[in-house]
Amino acid sequence: MRIAIVGPAFPYKGGGAHHTTELAHRLAAAGHEVVIESWRAQYPGFLYPGQQTIDEPEGEPFPGTRRALDWRRPDGWWRTGRSLRSYDLVVLAVLSPVQVPSYLGILSGLRRGAPVVALCHNVLPHERKPYDKPLMKALLKRVDGVLVHSEQQAGIARGLTARPVRVAEMPAHLPTPAGGSAERGEGVRDRLLFFGIVRPYKGLDVLLRALANGPGNVSLTVAGEFWGGLDETRALISALGLAGRVELRPGYVPAADVPGLFEASDALVLPYRTATASQNVWMAYEHGIPVIATRVGGFADQIRDGEDGLVCEPDDAGSLADALERFYAPGEPERLRSGVRPVDHEPLWSAYVDALTGAATGPTGARRSA
């Protein structure tokens, strides 16, 4: 098949860009002819408060990547769609409803050309705006199929469109530095890690309150971009008496720095209030440490509770504090770490590629309107 993926790729950073790139590599390895239609300018700065691009690629860029799309040039959206009419499949990587106007422009250029799948990382954002649902409804009713990463997300998608919706578990797609993971020595670090973009739905404030009521000798590293709330976080740390136990490392974390963060930690903590799919559990396992996470999204399916991590209740500092106490019971950090195994993602990627290439027709064979 000739397949075009429309989505971010290097020099854009983050999980969306990594996923688009790894997907292109996997589709090409499966024998498909693949191109990525990426962005010269994806968002206006006020819509993405973090760092959008990086100077050096993390992972292997996909050679068939074009960067003509620009949020300021609707005429370019239409031209891109027209150029893809002869393809066998067009995949729209949907990371935010903010992308919808450009994707509608691409669909206008496609008209009744190639079948289109909306690959939704989140059908609707965790922190929603009034325009999110109307925009996503407008997009999903105009594509031929939808691919999501959980049954919960499938339910949301089916509430917005009559088009076929398929579910496929998201495989690992985050890059590993050339040197591999840091070599972890023996012993307990008495340090936990919160990693990634800091946004309210990820529950850092819940973790800080749990830390204040959990084991008194345990410290925390918070490494990632803050989408607002940095001053409020510092104030909360001070109010909870945690100033000597919490290290804040605000800003984007380059891939080369990631192994050292995990090597210095006993566990990764994911105190999310809500979630869909996350790469962070797989990342922790690749680096050999357990995960303490809330029972949201796919975390409970990814973690073997009591074997390679612990699961607790969301938005509940008491439940999380209990989990921290259980984790640091004598011998528990070592026991849980001994149960951690990197996941073989080849079967997941094979199933994912099959689900994606079949998602345009689905069981009903529906096609979008012109």
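All of the numbers you see were taken from the coordinates with simple rules; none came from a lab. None of the values given here were measured: they were computed from a predicted structure. Neighbour counts are summed over all protein chains in view; Cβ atoms, including those assigned to glycine, are modelled from backbone coordinates with ideal geometry.
Which of Lys141, Lys13, Lys133 comes first, and how do the rest follow, when ranked by fewest Cβ neighbours within 10 Å?
Lys141, Lys133, Lys13
Mean separation of Cα pairs under 8 Å and 6+ residues apart, divided by the residue count of the chain: what relative contact order is that in percent?
Contact order relative to length: 16 percent.
I need Asp144, Asp70 ordered by Cβ neighbour count within 10 Å, fewest first.
Going from least to most buried by this count: Asp70, Asp144.
With θ set to phi - 60°, apply the Karplus curve 6.51 cos²θ - 1.76 cosθ + 1.60 along region 330-338 and write out the HN-Hα couplings as whole Hz, x wherever there is a Gly or Pro.
x, x, 5, x, 5, 5, 5, 5, 5
I'd like the orientation of helix 230-239 relative to the chain: the angle between its Cα long axis and the longest Cα principal axis, in ° from 0 to 90, rounded to 10.
Between the helix axis and the principal axis of the chain, the angle is about 20 degrees.
Quick check: residue separation of Ala68 and Met1 times 0.36 nm, minus the Cα distance between them. What number comes out in nm?
Taking 0.36 nm per residue and subtracting the Cα distance, the gain is 21.9 nm.
Going by amide H atoms built from the backbone, whose H comes under 5 Å of the H on Val343, apart from near neighbours?
It is none; the list stays empty.
With the Cα gyration tensor of region 191-338 in hand, convert its eigenvalues to equivalent ellipsoid semi-axes via √(5λ) and list them largest first in whole Å.
20, 17, 16
Got a sec to turn the phi values of region 204-212 into Karplus ³J(HN,Hα) couplings, 6.51 cos²θ - 1.76 cosθ + 1.60 with θ = phi - 60°, whole Hz, x for Gly and Pro?
4, 4, 5, 4, 4, 5, 5, 4, 5
Under 5 Å between amide H atoms, partner at least 5 residues away or on a different chain: which partners does Thr221 have, H built in plane at 1.01 Å?
Placed amide hydrogens put Leu192, Leu193, Phe194, Glu247 under 5 Å from Thr221.
Working out 0.36 nm times the residue gap between Glu346 and Lys141, then minus their Cα-Cα distance, what length gain in nm do you get to one decimal?
Result: 70.6 nm gained on full extension.
Report the relative contact order of region 191-338, percent, no decimals, based on alpha-carbon pairs under 8 angstrom and at least 6 residues apart. Intermediate results must be reported in sequence, preceding the final value.
On the way: 258 pairs, mean separation 38.1, N = 148.
Worked out over region 191-338, it gives 26 percent.
³J(HN,Hα) across region 297-310 via Karplus (A = 6.51, B = -1.76, C = 1.60, θ = phi - 60°), whole Hz, x for Gly/Pro?
Whole-Hz 3J(HN,Hα) from phi for region 297-310: x, x, 4, 5, 7, 7, 9, 8, 4, x, 10, 10, x, 9.
Relative to the present Cα-Cα distance, how much length would full extension add between Glu127 and Arg335 at 0.36 nm per residue of separation?
Taking 0.36 nm per residue and subtracting the Cα distance, the gain is 71.2 nm.
If each of Asp301 and Asp88 carries a label point 7 Å out from its Cα toward its Cβ, how far apart are those two points in nm?
The answer from the label model is 2.8 nm.
Using only the Cα atoms of region 1-152, what do you get for the radius of gyration and for Dmax, in Å?
14.5, 42
Report, please, the projected area of the chain averaged over directions, based on the convex hull of its C-alpha atoms, in nm².
Over all viewing directions, the chain projects a mean Cα-hull area of 17.6 nm².
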